[in-house]
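These notes concern the structure reproduced below.
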Amino acid sequence: MKKAKLIFLAGLAMAVSLTGCQKKEVKPGDVAGYDEGEQYLSIWVHSIEDTLEGQVYRESVDSFNEKYNGKYFADIEFIPRNDSGGGYSDKVNSSVLSGGLPDVLTLDGPNVAAYAENGIIQPLADLTEEERGEYLESILEQGTYDDKLYALGVMESSVGLYYNKDILEEAGIEVPDADHPWTRTEFMDILAKLKPIMDEKKGYPIDMTFPVGEASIYYYAPFIWANGGNLVSDDGMTVDGYFNSEKNVEVMNYFHQIVENKYMSEAPIENLFESGRAAFKFDGAWEVNTIYENYPDVNLGVAPYVVGDDWDGERYTPTGSWAFAASSETDNIEGATELVKWMSGVESGVRIWNEAKSLPSTYKAFDQIDIFQTDENYKALYEQLSKYGHPRPKTPVYPQVSTSFQQALESVGLGGKDAQTELDKSVERINAKLERYTRE
């Protein structure tokens, strides 16, 4: 066992002593539908059953049991997160030492490295090339750590650079195609051109904020990647020279320039874009449906994400969502892998879109959903995801990287502090968390 894991687990001892969880032994007949001769598979999900997402998970488990009747039986338990993100995560943590983990569990995509490094999950059984080929590249990349595939998601996500077609037409601005995005310099010139027009509308060229939480790294780390930078090393264990690189200093200063030139509001303004007082907005894929249902007067378009001036065509746009993995405690990795594949597969992906409007994770699912072929905005989001999607940094200290990114962005972008100094401070904070993984 790695020293890092020992330290990680020691921090959970208090929670375990309080809960006393033990992996339950379930026999045929204990659960309705579980019969003699079937292999029992427990699965935990992070949702409430009576939500749209929860209903999808229930239906997928039911269809798995129907498909594999006589061979496998999956038993789902719903453990919702609370407002602070705990609840589900707390139960996973408190079960690590006590032997109470299920065969399959859900985890947020950026946490795959931490769960793998700390021995909470194990690599899936081998998938065939055909099976792997069903999934978007971003899903496979998100679920891979140390060259091993640990997790597969039923859903993907993306962020759009939305624009108001009427405003851009008024300004005489043409939107490029996805393979020839605006560079940072070009986009800054466009914002400058839009400013007098938006001043007359009592608005701003772009509706954007640097929010506390996961949104900042999710929305804006693409500017790092598209500038040839990274936040962590490939193995996730080094940040010095990456997080605080000259390329990343450039990006931080770019955001400060947007603020300084008053191309965005320093304080969030509710519905700025939706009310026609901003030409652009960064937001999740859900914004398309929000506009369609609630703001039909907005003539919506999706522009390609902005790239660095020397972008080389590499993947860089936002991705990532919850996924399924096999726990380190399952003694049936083949069965657990079959359940992971089913929960993340084509049928489940179509269902997650139809019922919860979350983007699926497989090419075939997208092909079976008409709106991704017929609606230009949804089609643009899918093409961006499939061609240029890039997972968030893979490191066992991802939460500290995410928090540090947001803090640096706020300090430099809004506060005007020195970018190199702030990024160097971030490296010190992240290294303090990394120490337990890098110590000999």
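Would you please name the residue that is surrounded by the most Cβ atoms within 10 Å (Cβ to Cβ), looking only at residues in segment 254-272 that are hydrophobic (A, V, I, L, M, F, W, C) and under 22 Å from Ile167 (Cα atoms)? Here the answer is Met264.
When the residues of segment 26-50 are filtered to those that are out of contact with any Phe, Trp or Tyr (no Cβ under 9 Å at 6 or more places or on another chain) and not acidic (Asp, Glu), the one that is nearest to Asp90 (Cα to Cα) is Ser42. Go through the residues of segment 424-432 one by one and say whether even a single one is assigned by TED's automatic domain parsing to the domain that holds His46, in a helix (DSSP H, G or I) and among the basic types (Lys, Arg). Checking segment 424-432: not a single residue is assigned by TED's automatic domain parsing to the domain that holds His46, in a helix (DSSP H, G or I) and among the basic types (Lys, Arg). Within segment 60-73, the set of residues being surrounded by fewer than 18 Cβ atoms within 10 Å (Cβ to Cβ), within 18 Å of Thr106 (Cβ to Cβ) and in contact with an Asp or Glu (Cβ under 8 Å, 6 or more places away or on another chain) comprises just one member, Ser63.
Filtered by the rule that a residue be surrounded by fewer than 23 Cβ atoms within 10 Å (Cβ to Cβ) and within 17 Å of Pro391 (Cβ to Cβ), segment 206-217 gives Glu214, Ala215, Ser216.
Against the test of being modelled with pLDDT under 85 and on the phi < 0 side of the Ramachandran plot, the options Thr51, Thr19 yield a single qualifying residue, Thr19.
Within segment 278-309, the set of residues being out of contact with any strand residue (DSSP E or B) (no Cβ under 7 Å at 6 or more places or on another chain), of a type outside the set (Val, Ile, Thr) and either closer than 19 Å to Phe210 by Cα or without any contact (Cβ under 8 Å) to a residue 40 or more places away in the chain (or both) comprises Trp286, Tyr292, Glu293, Asn294, Tyr295, Pro296, Asp297.
Per the listing Glu410, Glu347, the residue uniquely among the charged types (D, E, K, R), farther than 26 Å from Arg436 by Cβ and outside the structural domain of Ile76 (by TED's automatic domain parsing) is Glu410.
Within segment 304-316, the residues that satisfy the criterion of being within 19 Å of the chain's Cα centre (by Cα) and farther than 15 Å from Val251 by Cα are Pro304, Glu314, Arg315. Exactly one residue out of Lys379, Lys394 is assigned to a helix (DSSP H, G or I), at pLDDT 95 or above and among the charged types (D, E, K, R), and it is Lys379.
Within segment 405-440, the residues that satisfy the criterion of being free of Cβ contacts under 8 Å to residues at least 60 places away in the same chain, closer than 23 Å to Ala114 by Cα and not acidic (Asp, Glu) are Gln407, Lys425, Arg429, Ala432, Lys433. Out of everything in segment 74-113 that is without any contact (Cβ under 8 Å) to a residue 60 or more places away in the chain and farther than 30 Å from His390 by Cα, what residue ends up being surrounded by the fewest Cβ atoms within 10 Å (Cβ to Cβ)? Per the stated criteria, the residue is Glu77.
Scanning segment 273-292 for residues that are more than 19 Å from the chain's Cα centre (by Cα) and in a loop (DSSP other than H, G, I, E, B), we see that the one that is surrounded by the most Cβ atoms within 10 Å (Cβ to Cβ) is Phe273.
The values are calculated or read from the model by the stated rules, or taken from the named source; none is laboratory data. Fair warning: this is a prediction, and the values are worked out from it, not measured in the lab. As a convention, Cβ positions derive from the backbone with ideal geometry for all residues, glycine included, and neighbour counts pool all protein chains shown.
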